[in-house]
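Taking it in order: structure first as structure tokens, then the write-up.
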Amino acid sequence: MRIPTQAVRGALAFAIPVLIVFGMTLHANYYFLAAGPLCGIVGGLAYGRRWGLPIILGTCFGVTGILFALQDTRSALFIDVVWVGLVSGFMFWSIGAFATLVLPAGVRFRGAMAFAVPGAIAGIVFQFLYGPAHFLFDLGSRRWWGDFPWPHLVLWLIAGTGIGWRLGTDLDEVRQPEPARQIRNPHSWALASVICATIGLVTSALYFTRQRLPLGLFNSLSPASSASDWLFGWSVLAAVIGTIALMKKLGRVCATAGILVAFMLLVASYRVEADPWKTQFNTIYAEKLLREHGQPEDRDYGDAVYTGNLILSQTALDKNDVATAKRYLLLAAATPGSRSIEQNGLDTSVVRVFLQRGEKDVVLEYFNQTRHLWPQGAQFITRWESIIRSGRIPNFNNRGPLGLN
């Protein structure tokens, strides 16, 4: 078996500068911004070209690194992982289309795709680590993770190594005689579409039928909304990949199958958030959470009491059962402690609905009972109480000096 020398050289040339830069980041946190430009410059020089390719890659990778560094808000939504991956893939494809103008004509389109696929995978992994994984594994409380830009390291390692390998492989094939060139699988995009759709379908069946969620409950007090987000994310990913596959001459039947399954997931994502399935799923999920963590010695007891009763309160409000909703809200406030409150403050989504219905007394009682659970937010609670007593609704999303709607 012949070793693709250009591919190995490219992968190493793109990856090693990233490791060096992130080694330096241990001494100064902002050094990681140099990973993109250095990766592009050294990687571009690996193919024996002149300075055109390194300059283009260094500049474009530098801008890309800054765009990823500007991301601030952490999103637990799975669909945001998919969107970031797709946008990242398109961004790297654009870089590749521009950069490969200095490469041989026979490798230009494939060279652009050599940037897109690793870029999309890198974007997906980056957003997963930055968003859902941050909540799923409680990474914010781990000092070794919080003090180092791990998502950016993974981003550039995957993008750099993948681009270096695929671009080098394409250049190796261009230099070979036509009969000796490797024939790639013409159905790869179609198969990828079917695989993504199947993953979404199978995982949904395994988890949702048992009233569980693949990534946990982070983005709302509605487990049904989290389930819908999971279905919608896989449907978009499978549909986009399937659409790309339809543009190719081979594999269109397989691509059509992937798109059809993606459409089924899309329909299911909307049906999940509609009654009666939504109310049933949310109720069973909350009751199961309270039952499985119903012992005070359970480390998740406090979180289960708080979250489970808030879900039941919101579900009761959806059914216009205000009396039951009030009872569950005060049961949530009776939690002995909650890590989610300590890290993110009090959940006010249900409170806002009560205030919109004019039920301010139960809201004031809720704040009074939970004040000791969030001592660092005492000033916010005091301000909210003052605004509520004056007959207005606070803007709970704005925790600045005013906090008014």
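The values are calculated or read from the model by the stated rules, or taken from the named source; none is laboratory data. All of these numbers come straight from a predicted model, not from anything done at the bench. Here the Cβ is made from the backbone with ideal geometry for all residues, glycine too, and neighbour counts use every protein chain on show.
Annotations for the structure displayed:
- Scanning segment 257-278 for residues that are surrounded by 15 or more Cβ atoms within 10 Å (Cβ to Cβ) and among the hydroxyl-bearing types (S, T, Y) turns up just one, S269.
- Within segment 52-82, the residues that satisfy the criterion of being in contact (Cβ under 8 Å) with a residue 40 or more places away in the chain and either under 12 Å from Q127 (Cβ atoms) or not assigned by TED's automatic domain parsing to the domain that holds D172 (or both) are F68, Q71, R74, S75, A76, L77, F78, I79, D80, V81, V82.
- If the condition is being under 18 Å from N309 (Cβ atoms) and hydrophobic (A, V, I, L, M, F, W, C), then segment 365-391 contributes F367, L373, W374.
- Residue in segment 211-233 that is charged (D, E, K, R), buried (at least 18 other Cβ atoms within 10 Å of the Cβ) and touching a residue at least 24 places away in the same chain (Cβ under 8 Å) present: yes
- Note on segment 212-224: among residues that are of a type in the set (A, V, I, L, M) and part of a loop (DSSP other than H, G, I, E, B), the one that is farthest from K288 (Cα to Cα) is L215.
- Being buried (at least 18 other Cβ atoms within 10 Å of the Cβ) and among the aliphatic types (A, V, I, L, M) is a description that does not apply to V63.
- When residues in segment 137-159 are screened for being assigned to a helix (DSSP H, G or I) and at pLDDT 85 or above, 10 of them pass.
Yes/no matrix, rows are residues, columns are (1) modelled with pLDDT of 90 or more; (2) under 25 Å from A316 (Cα atoms); (3) in the same structural domain as G308 (by TED's automatic domain parsing):
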{"position": "V353", "(1), (2), (3)": "yes, yes, yes"}
{"position": "G358", "(1), (2), (3)": "yes, yes, yes"}
{"position": "L364", "(1), (2), (3)": "yes, yes, yes"}
{"position": "N368", "(1), (2), (3)": "yes, yes, yes"}
{"position": "H372", "(1), (2), (3)": "yes, no, yes"}
{"position": "W384", "(1), (2), (3)": "yes, yes, yes"}
{"position": "N395", "(1), (2), (3)": "no, yes, no"}
{"position": "G400", "(1), (2), (3)": "no, no, no"}
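- Listed by position, the helices (runs of 4 or more DSSP H) enclosed by segment 290-405 that each have at least 1 residues that are over 27 Å from the mean Cα position of the chain (by Cα) and not hydroxyl-bearing (S, T, Y) are 301-318, 322-333, 349-356, 360-370, 378-389.
- Those residues of segment 348-361 which are surrounded by fewer than 19 Cβ atoms within 10 Å (Cβ to Cβ) and in contact with a Leu (Cβ under 7 Å, 6 or more places away or on another chain), in sequence order: S349, V353
- Selection status of F98, of a type outside the set (G, A, S), in the same structural domain as L167 (by TED's automatic domain parsing) and at pLDDT 95 or above: no
- Within segment 312-325, the set of residues being among the β-branched types (V, I, T) and either at pLDDT below 95 or under 13 Å from V353 (Cβ atoms) (or both) comprises T315, V322.
- Looking at A227, A239, A262, A255, just one residue is part of a helix (DSSP H, G or I), hydrophobic (A, V, I, L, M, F, W, C), modelled with pLDDT of 90 or more and over 22 Å from D80 (Cβ atoms), and that residue is A255.
- Of residues in segment 1-52 being in a loop (DSSP other than H, G, I, E, B) and surrounded by 18 or more Cβ atoms within 10 Å (Cβ to Cβ), the one nearest to the chain's Cα centre (by Cα): T25
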